[in-house]
Amino acid sequence: MNQAEQLHTLARRYCMVMAGFWGRKYTRLMNSGRDRMEDGGYTVEAEELFPRYLVLDAILAELERSDGTEFATEEEAHKKILAAVWNAQSRFTENKEGIFRQTAGAERQLMTDYLKKRAAEGISRVQPLPYRRTLSKVERTLLWEDLREKWGISDFWYPLTDAKPKDTEAFMEDYFEEEVGFEALRAILHTHGIERVFELREFDHSPEYQLDIEGFNPVYTINGEGYWFAADMDWVIYASHENSITIAGEWLLNEIKEIWPGWEERRWLDWQERLRRGV
């Protein structure tokens, strides 16, 4: 990587590491019951924590609209990265005032100071990160249209809809992760020459990506239900809020069945049925 790409990678890594750091601190605050007041509002301690990881997530999504290779110089990269640091917004960070705004601003300043310091020292030997690029609005729209047309996907998909597409099975996600695992899933995709996938999410405000299979993790998150697929869309993976993971596509489904003894017993059940059966 040249200097510009290394600076871009350094900025991405900062967001990932520090968002995780502040997120863990906020989780501990919630677990201690000190995040909310009696009237339901946030405590000062909470407002001095959670805006930090929210604004870092927004900055990261903005940074990843670029892969870092288009900058002509390190100076150009630094200028555009700082623009992302100070201008990135999300529905969680827009139009906030008071402590929330001060906290988000303080985190932006900390990142700015860090990048200026590293640039002044001379950046070298930055380890690369897996490829991940935030999709443009046009790309997102076209991919959603193609996905819906090819697989009949609407707001939800199987097993949360009655219609079961051909060559499709839904499994209980916790069992899938434990007994198959995402490493095995990535290995199957890799043997078929698939190096990058698309990730689309349920919520319009959530960033959507093209990413390396190394960073591919098909689970439900705060960003909503997810769909993952390659450019030709001959397979789809869908993770819902109901502990389901759907595998669609003949060859992918067959290969998963081959390495998963007893897969028939891990087909998705709703929570009431799981409780009734004790699984």
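The values are calculated or read from the model by the stated rules, or taken from the named source; none is laboratory data. Please read these numbers as outputs of a predicted model, since none were measured by experiment. Backbone-built Cβ (ideal geometry, glycine too); neighbour counts: all protein chains shown. The protein model used for the area step is the full one, side chains on, heavy atoms only, and it has no ligands, DNA or RNA in it. Shrake-Rupley method; radii C 1.70, N 1.55, O 1.52, S 1.80 Å.
Some observations on this one:
- Cβ-Cβ contacts under 8 Å between residues 6 or more apart (or on different chains), taken from a first residue in the stretch 7-22 that is open to solvent by 50 Å² or more (accessible area, probe 1.4 Å) to a second residue that is part of a helix (DSSP H, G or I) and of a type outside the set (Phe, Trp, Tyr), are listed as 16/60.
- Among the residues of the stretch 119-140, not a single one is assigned to a helix (DSSP H, G or I) and of a type in the set (Ser, Thr, Tyr).
- Counted residues, the stretch 152-186 - those being within 21 Å of residue 211 (Cα to Cα), open to solvent by 40 Å² or more (accessible area, probe 1.4 Å) and either basic (Lys, Arg) or in contact with a strand residue (DSSP E or B) (Cβ under 6 Å, 6 or more places away or on another chain) (or both): 0
- Scanning the stretch 111-125 for residues that are surrounded by fewer than 17 Cβ atoms within 10 Å (Cβ to Cβ) and not basic (Lys, Arg) yields 112, 113, 114, 120, 121, 122, 124.
- Only one of 107, 178, 173 that is free of Cβ contacts under 8 Å to residues at least 40 places away in the same chain and of a type outside the set (Lys, Arg): 178
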